[in-house]
Amino acid sequence: MGRELSKMQDRKRTKFTPNMDNFKISLSYEGLSLKKENEEKDITELKRKYSRNP
């Protein structure tokens, strides 16, 4: 049992990052849009910019 747990922990965890086009479409469904200055940035840059962590 211990080996199974260590194997699971050794696997790299992949984080989901949405496609930017899909993200824009989902924003439009909610009545939102990106600012012109943010349209060329990717999701990770936007997360970094708008994160609430100091």
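Here is how the numbers come out for the structure above:
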{"read-out": "Segment ASP21-THR44, extension gain: residue separation times 0.36 nm, minus the distance between their alpha carbons", "value": "6.9 nm"}
{"read-out": "Total formal charge among the other residues, if their Cβ is under 13 angstrom from that of ILE43, Lys/Arg +1 and Asp/Glu -1", "value": "+1"}
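Readers should treat all values here as calculations from the given coordinates under stated rules, not as data from a laboratory. Keep in mind the model is a prediction, meaning the values are calculated, not measured. Note: ideal-geometry Cβ built from the backbone for every residue, glycine included; neighbour counts use all protein chains shown.
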